[in-house]
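Down below is the structure, laid out as structure tokens.
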Amino acid sequence: MTDTPQRSSLAVLRRLVPFLSPYRARLALAFVFLVIAAASTLVVPLAFRQLIDHGFSATATAPLSVDPASASLAQASNALNRAATAHVNLYFLGLFAVAVVLAASTAARFYMVSWLGERVVADLRTAVYTRMLDQSPEFFETTRSGEVLSRLTTDTTLIQTVVGTSMSMGLRNVFLFAGGMGMLAFTSLKLFAITFGLLALVIIPIVVMGRRVRKLSKASQDRIADSSALAGEILNAMPTVQAFTQEPAEARRFHDSVEASFATAIRRTTTRAWLTTLVITLVFGAIVFVLWLGANAVMAGTMSPGLLAAFVLYSVITAGAIGSLTETWGDVLRAAGATERLMELLDARSYIAAPVNAAPFQALPGGIAVHFEHVQFHYPSRPDTASLADFTLDIAAGENVALVGPSGAGKSTVLQLLMRFYAPQAGRITLGDRTIDTLSLDDLRSSLGIVPQDTVIFSADARANIRYGRPDATDAEIVMAAKAAQAHDFIERMPEGYSTFLGERGVRLSGGQRQRIAIARAILRNPPVLLLDEATSALDAESEAAVQRALEAAMEGRTTIVIAHRLATVKKADRIIAMDGGRIVESGTHAELMALGGLYARLATMQFSMQTEVATTSLQPMARTL
């Protein structure tokens with residue numbers, strides 16, 4: 001059985017209750033002010049009824065002039081007029097008092113619900129963002145970061161509108177509708193019965209069209225997220241886009257995405273417009289018909305003018321409440337779609353999770369042994385291709401091991417599994433005497449320091465970027481790490497030294513400078529296991545030699561796993577592991593593998609011969625000039 005749109009939307013919005021629960025006191029206070037404001041509104045028609053029937057009527061029935069000979073009668077008439085005037089003044093003072101109460105309670109209610117809206121959205125954004133930080137890289141293989149950002153901004157704004165405005169307006173109009181219907185019944189049961197029967201017809205289009213509005217609202221948010229994701233991807237790749245002169249093509253792609261979002265939004269808006277038109281037409285048509293019946297009753301003398309005036313005002317209040325509820329319901333449907341999308345992120349669970357109450361892990365000086373035992377691993381996005389197949393590798397504490405091989409051999413996968421970014425489908429990995437899945441993620445990753453192939457520089461200054469390796473490091477320790485990474489000199493030459501802002505993604509640095517910042521970050525961490533994934537790939541020959549010396553010093557006394565395509569950087573490794581197709585095909589020192597004449601020898605011969613050819617070619621013009 002399929003739920004109605006009302007039930008399903010409210011069921012989705014109930015997921016927001018845990019975010020409202022901590023603020024029950026403010027919510028209750030807002031509810032009190034809301035009830036006072038609604039009650040004040042419902043009092044106004046009663047005051048007008050009394051004013052018309054007992055104020056104006058008394059004044060109208062008092063004689064305007066009398067026979068001058070009847071002095072006592074004139075005095076009595078004047079006294080009656082003064083009494084009627086005082087009576088009218090009293091009713092107007094009462095109306096003003098009601099207006100003051102209404103204004104004060106409305107302002108208080110607005111402040112309370114606006115505060116709740118801002119607070120709930122802030123908490124929701126924090127909760128979703130924190131959940132995203134816990135996700136493994138597998139999650140982001142299928143979810144674009146731009147879509148996540150769209151949900152954190154656009155979708156939460158919709159929820160803020162509902163919690164901070166629409167929710168209180170909706171409740172207020174529910175009270176006004178219920179109270180108005182009750183007062184209509186109290187004022188004239190006959191006219192109320194007719195009105196109620198006609199207004200029941202309004203529910204039908206809401207039920208029928210509400211489902212479509214909600215579906216279109218969710219689809220509209222999905223299209224907006226697509227546009228945001230596309231824009232984020234392209235803006236982060238502007239040099240590539242401009243280098244290949246793809247600006248017109250990317251502009252067209254974004255235009256098409258925006259147009260698709262616009263078309264979906266217009267379909268949603270059109271549906272809501274038709275729903276609003278139909279509801280308002282039916283509501284006011286019913287009210288006009290009932291008022292026509294009331295007017296005939298007044299002319300027939302079966303109803304007082306004040307009673308009809310009160311019925312008219314209550315009808316207007318009820319009709320306005322229904323119209324506002326229709327608009328509010330549209331906002332609720334949009335917020336339900338936004339909430340559903342946010343809850344999808346909040347419900348996401350990483351399958352990389354630390355065990356409950358994991359025993360603490362204390363890394364000992366001198367490095368830690370690392371063991372891979374019959375590890376089998378397929379990336380979730382490539383389930384038919386084994387990235388590691390029956391992979392077994394023992395690395396002794398303090399050993400320097402290099403992983404080499406062609407692209408796709410599984411080298412980087414080894415590091416990602418060791419960091420527990422992914423979990424193997426079979427086999428086990430141990431760090432020291434503990435399997436890594438028995439360690440807390442903090443203990444595991446605190447024991448590892450990595451210099452990745454794709455260097456990440458944050459939008460901060462040089463000092464903060466290096467300190468990211470160890471947030472409690474002193475400035476002196478940061479400088480020492482920078483010197484060890486051969487980064488101190490170029491940092492000092494920057495306009496503000498270590499306080500120089502490096503730009504988004506480090507755009508103010510060269511590739512080699514970015515990599516040296518990353519190396520300094522890893523050195524500052526001072527881990528027992530050092531992971532170097534093409535750590536010198538972006539350096540020129542001079543910088544590479546300097547950084548290589550720094551890395552050699554950093555490798556002392558710790559286990560090191562090095563991935564390198566430039567084989568000259570791994571000649572001094574204690575052991576070189578040649579990989580291909582996710583398997584170990586050769587193992588030994590540089591001299592042993594060259595003598596073996598296998599995969600490593602072929603790669604080394606090819607690379608070294610190319611370097612020699614490039615060097616010879618570059619020297620030929622110099623030789624001719626000599």
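The values are calculated or read from the model by the stated rules, or taken from the named source; none is laboratory data. A quick note: this is a predicted structure, and the numbers were derived from the prediction, not measured. Don't worry about glycine lacking a Cβ; one is built from the backbone with ideal geometry, like all the others, and counts go over all protein chains shown.
For this structure, a couple of remarks:
- Scope the range 243-262; condition surrounded by 12 or more Cβ atoms within 10 Å (Cβ to Cβ) and in contact with a helix residue (DSSP H, G or I) (Cβ under 9 Å, 6 or more places away or on another chain); matching residues: GLN246, GLU247, GLU250, ARG253, PHE254, SER257, VAL258, ALA260, SER261, PHE262
- Odd one out for ARG341 among (1) surrounded by 16 or more Cβ atoms within 10 Å (Cβ to Cβ); (2) not assigned by TED's automatic domain parsing to the domain that holds TYR129: (2)
- Matching residues in the range 124-140 - criterion: being more than 22 Å from SER228 (Cβ to Cβ) and assigned to a helix (DSSP H, G or I): none
- Qualifying residue in the range 443-461 (condition: of a type in the set (Lys, Arg) and more than 24 Å from LEU418 (Cα to Cα)): no
- Qualifying positions in the range 423-450 - part of a loop (DSSP other than H, G, I, E, B) and in contact (Cβ under 8 Å) with a residue 40 or more places away in the chain: ALA423, PRO424, GLN425, GLY432, LEU439, SER440, SER447
- Within the range 239-255, being assigned to a helix (DSSP H, G or I), hydrophobic (A, V, I, L, M, F, W, C) and at pLDDT below 70 holds for one residue alone: ALA243.
- Considering residues of the range 320-351 that are at pLDDT below 75 and assigned to a loop (DSSP other than H, G, I, E, B) only, the residue nearest to THR271 (Cα to Cα): SER350
- Residue match in the range 494-502 (condition: surrounded by fewer than 17 Cβ atoms within 10 Å (Cβ to Cβ), among the charged types (D, E, K, R), assigned by TED's automatic domain parsing to the domain that holds ALA397 and within 22 Å of MET555 (Cα to Cα)): no
- Residue in the range 375-395 that is among the acidic types (Asp, Glu), in a strand (DSSP E or B) and on the phi > 0 side of the Ramachandran plot present: yes
- Residue satisfying all of: in the range 423-450; polar (S, T, N, Q) and in contact with a strand residue (DSSP E or B) (Cβ under 7 Å, 6 or more places away or on another chain); surrounded by the most Cβ atoms within 10 Å (Cβ to Cβ) among these: SER447
- Unique match (being outside any helix (DSSP H, G or I) and basic (Lys, Arg)) among ARG508, ARG516, ARG521: ARG508
- Whether a residue is at pLDDT 85 or above and either among the hydrophobic types (A, V, I, L, M, F, W, C) or within 26 Å of ARG558 (Cα to Cα) (or both) was assessed, and LEU444 passes this test.
- Single residue of the range 451-480 satisfying the filter (outside any loop (DSSP other than H, G, I, E, B) and touching a strand residue (DSSP E or B) at 6+ places or on another chain (Cβ under 7 Å)) that is farthest from GLY506 (Cα to Cα): VAL451
- The condition of being modelled with pLDDT under 85 and under 51 Å from the mean Cα position of the chain (by Cα) holds for only one of GLN620, GLN607, that being GLN607.
This table checks each residue for (1) free of Cβ contacts under 8 Å to residues at least 40 places away in the same chain; (2) among the polar types (S, T, N, Q); (3) closer than 30 Å to ARG272 by Cβ; (4) surrounded by 16 or more Cβ atoms within 10 Å (Cβ to Cβ).
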| residue | (1), (2), (3), (4) |
| --- | --- |
| ASP331 | no, no, yes, yes |
| ALA348 | no, no, no, no |
| PHE372 | no, no, no, yes |
| PHE377 | no, no, no, yes |
| LEU393 | no, no, no, yes |
| PHE421 | no, no, no, no |
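- Applying the set (1) buried (at least 16 other Cβ atoms within 10 Å of the Cβ); (2) within 25 Å of ALA354 (Cα to Cα); (3) modelled with pLDDT of 80 or more to LEU102 leaves exactly one unmet item: (2).
- Selection status of PHE490, closer than 28 Å to LEU235 by Cβ, surrounded by 17 or more Cβ atoms within 10 Å (Cβ to Cβ) and not acidic (Asp, Glu): yes
- Residues that are of a type in the set (Val, Ile, Thr) and without any contact (Cβ under 8 Å) to a residue 24 or more places away in the chain, drawn from the range 489-526: VAL507
- Those residues of the range 562-605 which are without any contact (Cβ under 8 Å) to a residue 12 or more places away in the chain and in a helix (DSSP H, G or I), in sequence order: ALA591, GLU592, MET594, ALA595, LEU596, ALA601, ARG602, THR605
- Matching residues in the range 471-486 - criterion: being surrounded by 13 or more Cβ atoms within 10 Å (Cβ to Cβ) and at pLDDT 85 or above: ALA473, GLU477, ILE478, VAL479, MET480, ALA481, ALA482, LYS483
- Breaking point among (1) under 30 Å from VAL44 (Cβ atoms); (2) without any contact (Cβ under 8 Å) to a residue 60 or more places away in the chain, for ALA265: (1)
- The single condition from (1) at pLDDT below 90; (2) buried (at least 16 other Cβ atoms within 10 Å of the Cβ); (3) over 26 Å from VAL585 (Cβ atoms); (4) not basic (Lys, Arg) that PRO360 fails is (2).
- Checking each residue in the range 357-374 for being in a strand (DSSP E or B) and not acidic (Asp, Glu) picks out VAL370, HIS371, PHE372, HIS374.
- Count of residues meeting criterion [crowded, with 22+ Cβ neighbours inside 10 Å and either acidic (Asp, Glu) or more than 11 Å from ALA573 (Cα to Cα) (or both)] in the range 396-406: 2
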